[in-house]
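The values are calculated or read from the model by the stated rules, or taken from the named source; none is laboratory data. Please read all numbers here as calculations on a predicted model, not as lab measurements. Ideal geometry is used to build each Cβ from the backbone, glycine not excepted, and the neighbour counts take in all protein chains shown.
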Amino acid sequence: MEESKRQKQMAGLIQTEMSDIFQREGLNVTQGGMISISQVKVTPDLMEARFYLSFYKIPEPEKMLKYIQEQDWKLRKLLAARIKNQVRKIPVLSYYLDDTLEYVAKIDELFKSIEIPKAED
């Protein structure tokens, strides 16, 4: 199902604000790595926001995702303070691991490992 204009607007607003919250709270740079919000999807009723988090150079992304999920109440409170005048209810936040960067790195390594013989004249 295609997202409505309102869903896209809400997702953009939430992604912008949460990215800023991650930077200010120090959650985006941890253990020498970095966390970014690759995508936000909002349900049609605007009551749930799904965050797809991308982890770069973080040794245990599942552990970091669990930590972020434990901090959900704090993140939701900070988000509420920022968007309370633009929404009726603050959406429930859920977090998912986006492993696209790892997939791209694996594919890149596969391409580098391929040896193509030179054509003879």
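Quick one: is Lys77 closer than 18 Å to Ile21 by Cα, within 14 Å of the chain's Cα centre (by Cα), at pLDDT 90 or above and not in a strand (DSSP E or B)? The answer is no for Lys77.
If the condition is being touching a strand residue (DSSP E or B) at 6+ places or on another chain (Cβ under 9 Å), part of a helix (DSSP H, G or I) and modelled with pLDDT of 90 or more, then the stretch 14-42 contributes Ile14, Gln15, Met18, Ser19. Residue check: is Asp99 at pLDDT 85 or above and not aliphatic (A, V, I, L, M)? No.
Considering only residues in the stretch 47-59 that are modelled with pLDDT under 90 and surrounded by 12 or more Cβ atoms within 10 Å (Cβ to Cβ), the one that is nearest to Lys5 (Cα to Cα) turns out to be Ser54.
When each of Ile107, Ile90 is tested for being modelled with pLDDT under 90 and either hydrophobic (A, V, I, L, M, F, W, C) or touching a His at 6+ places or on another chain (Cβ under 9 Å) (or both), the lone residue that passes is Ile107. Just one of the numbered conditions (1) over 11 Å from the mean Cα position of the chain (by Cα); (2) free of Cβ contacts under 8 Å to residues at least 24 places away in the same chain is not true of Ile37: (1).
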